[in-house]
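The values are calculated or read from the model by the stated rules, or taken from the named source; none is laboratory data. It should be emphasised that the depicted structure is a prediction, and the values quoted were computed from it without experimental measurement. Methodologically, a virtual Cβ is constructed for each residue, glycine included, from the backbone with ideal geometry; neighbour enumeration extends over all protein chains shown.
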Amino acid sequence: MNMQPTTDAASAAVPHSPSHHFQTAQQEFDAGKLGMWLFLITEVLFFGGLFVAYAVYRDNHPEVFTYAQQYLNKTLGALNTVVLICSSLTMAWAVRCAQLNQRRGLKWCLLLTLTFASLFLGVKAVEYSAKWDEGLLWAGSFALEHPQHARLLPVSLLVLSAPAALGLVLATLATGFFRLVSRPAMMGLSLAAIATCVAFLVGVGVGVGVSQLSSPGGSKVATAEQVVHQEASGDETPHLAGVFFSIYFTMTGIHAIHILAGIGVIFWLYWGSLQNRFGSTYFAPVDFVGLYWHLVDLVWIYLFPLLYLIQS
Amino acid sequence: MSNKPNPTANESANTLHTHVMSPKTLLAVFGALLVLTGLTAGASAFHLGTYEIWFTIAIASAKASLVLIYFMHLRYDSSFNSIIFLTAVVCLAIFLALTLADTDHSMLRLPSS
């Protein structure tokens, strides 16, 4: 990471003048920030509704949570928490770089944030595909008794990885094309897309590796253990176990959609940084996207322990 | 603010007065978040019983506060932004408390077998 101050007169950002309905840049910035916070509280209340659903269900049926939590991989959850904290650090640092006119630093921080976000989704894909293969689905489709893992190929993981693989091919082609027609900014954007897709696939690799390590022999043995465990304790699958997974998939799924949206807007910031649009007099977009990104991290800070860790 | 050059008169309309986070603070917050994550993950190995949920929520809230105060700059912002955020938290608390109070005393429980 190049975080050294690289400010010099030649690299000063493209001048930005406030919109006509604002008197000063400060007024424009403060108004934008207020709007961003208002948006963030709608997000808090939106996720809040889901947390209330979680709390009501857990309060009424604690046995379902105790039962279902053994199927969540705590190591992968903790790994993803660390990945998101890293992405929050690089995002906060990107704001700092923009404020100080550090162009290279800004680009690197945004690129790293994209990479961590994509890594998170890669690990998540491994978790989702493991649930799918074992029939750990939402209420109505929950079918632990009919696991699908007898297949030779991890079909669900391949399906979830396909967009990243396709994106990698397209981004590589685009990089070559924009290099030929000498459009450096578009080429930079394509290179960032390559990094994002590769990070997703690395996340899938790391996720598979970690889940192999944390349950030796992979999911088949884990499932066999579960069957033995159930027979030994006479512990039947609770009737409502699927509802836990409804909550799990809804909460983590909506969070993952927020990560995807975050990747989209960080790409937009990266595009702006390639065109040298941000600097000490205009860094509001970087700051506000940063606020959004930290809120997504904040939701995961609560989701991880509540879904993965609490046992009683 | 101290990191910025002094604005000259003709560019003052275009100057922003905001706080720039120091690398030291950013890394300290990052380290604290990692330590707290380790603490909450490590504590799940011990069975803390009924205290577990409160311990977990306390640590998560400590982490959330660090993110809000430093990464999201609330400490350096106009306190109006903090008030807006706290309003949402209070509304959420009322939502949660009243809903739980209601389901505890109603027939909304799903059949458990």
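Tell me the helices (runs of 4 or more DSSP H) entirely within the stretch A:203-312 that contain at least 1 residues that are modelled with pLDDT of 90 or more and surrounded by 21 or more Cβ atoms within 10 Å (Cβ to Cβ). Here the list reads A:241-274, A:284-304. Check whether at least one residue in the stretch A:159-166 is among the polar types (S, T, N, Q) and either farther than 30 Å from A:K107 by Cβ or at pLDDT 95 or above (or both), and report yes or no. Checked the stretch A:159-166: no residue is among the polar types (S, T, N, Q) and either farther than 30 Å from A:K107 by Cβ or at pLDDT 95 or above (or both). The residue that is nearest to A:L106 (Cα to Cα), among those in the stretch A:262-302 that are touching a helix residue (DSSP H, G or I) at 6+ places or on another chain (Cβ under 9 Å) and without any contact (Cβ under 8 Å) to a residue 24 or more places away in the chain, is A:G272. When A:M91 is tested against the conditions (1) within 12 Å of chain B (Cβ to nearest Cβ); (2) under 14 Å from the mean Cα position of the chain (by Cα); (3) within 29 Å of A:A241 (Cβ to Cβ), the lone failure is (3).
For the stretch A:57-76, does any single residue satisfy the condition of being under 30 Å from B:S79 (Cα atoms), surrounded by 16 or more Cβ atoms within 10 Å (Cβ to Cβ) and facing chain B (nearest Cβ under 8 Å)? Scanning the stretch A:57-76 turns up no residue that is under 30 Å from B:S79 (Cα atoms), surrounded by 16 or more Cβ atoms within 10 Å (Cβ to Cβ) and facing chain B (nearest Cβ under 8 Å). When the stretch B:44-74 is filtered for residues that are more than 7 Å from every other protein chain (Cβ to nearest Cβ) and either in contact (Cβ under 8 Å) with a residue 24 or more places away in the chain or in contact with a strand residue (DSSP E or B) (Cβ under 9 Å, 6 or more places away or on another chain) (or both), the ones remaining, listed by number, are B:A62, B:L66, B:Y70, B:H73.
I need a count of the residues in the stretch A:55-80 that are within 20 Å of B:D102 (Cα to Cα) and assigned to a helix (DSSP H, G or I).
Of the residues in the stretch A:55-80, 7 are within 20 Å of B:D102 (Cα to Cα) and assigned to a helix (DSSP H, G or I).
When A:V52, A:V44 are checked against the criterion of being closer than 22 Å to B:D77 by Cα and assigned to a helix (DSSP H, G or I), a single residue qualifies: A:V44. Each residue in the stretch A:18-45 was checked for being closer than 21 Å to A:R277 by Cα and touching a residue at least 60 places away in the same chain (Cβ under 8 Å), and 6 pass.
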